[in-house]
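Reading through the structure tokens given below for one structure.
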Amino acid sequence: MKKAPFLGSGVAIVTPMNQDGSVNYEMLGRLIDFQIENGTDAIIACGTTGESATLSHEEHCGVLEYSIKKVNHRVPVIAGTGSNDTAYAIELALEAKRYGADAQLSVTPYYNKTSQAGLIQHFTRIADATDLPIILYNVPSRTGCCIQPATYLELSKHPNIVAIKEANGDISAIAQTAALCGDNLHIYSGNDDQTLPILSLGGKGIISVIANICPALMHNICQSFFDGDIAKSRALSLEYLDLMNAMFIDVNPIPVKEAVNLIGFESGECRLPLVAMSDANREKVVSIMKKHGLI
């Protein structure tokens, strides 16, 4: 059995920005402390929610290095290292390893839209280049590329490919992957609202957006399930379903970054081409957050 990088709720942490658009490392440090103090089981830096797509190479590496040092082994740190360029993904993976990351999160190549054979070669080349454990990230709504269960089976044979973040929304396909790969490929939900179904298939947790504002909630959904209290896990999942959905009322991470601002962590705006929510959508987010006592 391969070792899971973490159990429970890992936060796909936002990248705070100053008014001039630069990375706000002081606020990032405060957010990391807030997460760990409130039960988050892992920090995922420079993922989709961390706006990795608009970070320069220097900023990307800077956020990874700072996050790893700030966490200081309190919880695992998973470094976002994915790219549509295999060589660059390897470069980022080697940097993350040098900084001391516990694992890497590697998204499928986007825009290129490679074949299943191309996916196997891409991820195998990365896995051969470093012993830093890899969590594959499947999010076809963003990348135009979807890893098939049979491809997961082939990739699971590599000792450094240990897990997947599955955000394809297709529970049947995820079940097929679980049946094919077993303990050779751990599964994390990539969608907050599918945490419980994926846990029921043997999943190890969630890489969460909503955990940015509700770290204890997502930890408790997972921990209750692990403790055998399925009813509590289900009740929490359903109680907060409206808030989970609200975080996707616009393109991620626009709503969650605004929500982080609303709970008192001034993290600025998203970088272009992402723009602020409409007033109507912001009012909906505010209303739901008030309903749950977050503001």
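Tabulated data
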| quantity | calculated |
| --- | --- |
| Selection count where residues are surrounded by 19 or more Cβ atoms within 10 Å (Cβ to Cβ) and touching a residue at least 60 places away in the same chain (Cβ under 8 Å), scope the range 253-267 | 6 |
| Qualifying residue in the range 3-24 (condition: outside any strand (DSSP E or B), surrounded by fewer than 16 Cβ atoms within 10 Å (Cβ to Cβ) and in contact with a strand residue (DSSP E or B) (Cβ under 8 Å, 6 or more places away or on another chain)) | yes |
| Filter pass, Val63 being touching a residue at least 40 places away in the same chain (Cβ under 8 Å), surrounded by fewer than 23 Cβ atoms within 10 Å (Cβ to Cβ) and at negative phi | no |
| Meets criteria (at pLDDT 95 or above, surrounded by fewer than 17 Cβ atoms within 10 Å (Cβ to Cβ) and farther than 18 Å from Gly82 by Cα) for Ala150 | yes |
| Any hit, the range 171-187, residues being touching a residue at least 60 places away in the same chain (Cβ under 8 Å), part of a strand (DSSP E or B) and touching a Ser or Thr at 6+ places or on another chain (Cβ under 9 Å) | no |
| Selection from the range 208-220 of residues that are assigned to a helix (DSSP H, G or I) and either within 22 Å of Tyr137 (Cα to Cα) or in contact with an Asp or Glu (Cβ under 6 Å, 6 or more places away or on another chain) (or both) | Ile210, Ala211, Asn212, Pro215, Met218, His219 |
| Criterion violated by Arg30 - all others in (1) out of contact with any helix residue (DSSP H, G or I) (no Cβ under 9 Å at 6 or more places or on another chain); (2) in a helix (DSSP H, G or I); (3) within 23 Å of Ala129 (Cβ to Cβ) satisfied | (3) |
| Which numbered condition Tyr88 misses (of (1) in a loop (DSSP other than H, G, I, E, B); (2) without any contact (Cβ under 8 Å) to a residue 40 or more places away in the chain; (3) touching a His at 6+ places or on another chain (Cβ under 9 Å)) | (1) |
| Single residue of His186, His219 found to be closer than 22 Å to Lys257 by Cα, buried (at least 21 other Cβ atoms within 10 Å of the Cβ), under 15 Å from the mean Cα position of the chain (by Cα) and modelled with pLDDT of 95 or more | His219 |
| Evaluation of Arg74 against (1) buried (at least 19 other Cβ atoms within 10 Å of the Cβ); (2) assigned to a loop (DSSP other than H, G, I, E, B) (one fails), failing number | (1) |
| Test: Ala101 is in a helix (DSSP H, G or I), among the small types (Gly, Ala, Ser) and modelled with pLDDT of 95 or more | no |
| Ala211 vs. criteria surrounded by 14 or more Cβ atoms within 10 Å (Cβ to Cβ) and in contact with a Leu (Cβ under 9 Å, 6 or more places away or on another chain) | yes |
| Members of the range 159-172 that are surrounded by 17 or more Cβ atoms within 10 Å (Cβ to Cβ) and either out of contact with any Leu (no Cβ under 8 Å at 6 or more places or on another chain) or within 16 Å of Leu201 (Cβ to Cβ) (or both) | Ala163, Ile164, Lys165, Glu166, Ala167, Asn168 |
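Each row is one residue, and each column tells you yes or no for (1) crowded, with 19+ Cβ neighbours inside 10 Å; (2) not polar (S, T, N, Q).
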site	(1), (2)
Ala231	no, yes
Ser237	yes, no
Leu243	yes, yes
Met247	yes, yes
Glu269	no, yes
Leu274	no, yes
Lys284	no, yes
Ser287	no, no
His292	no, yes
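The values are calculated or read from the model by the stated rules, or taken from the named source; none is laboratory data. Worth saying up front: this structure is predicted, and the values here are computed from it rather than measured. Note: ideal-geometry Cβ built from the backbone for every residue, glycine included; neighbour counts use all protein chains shown.
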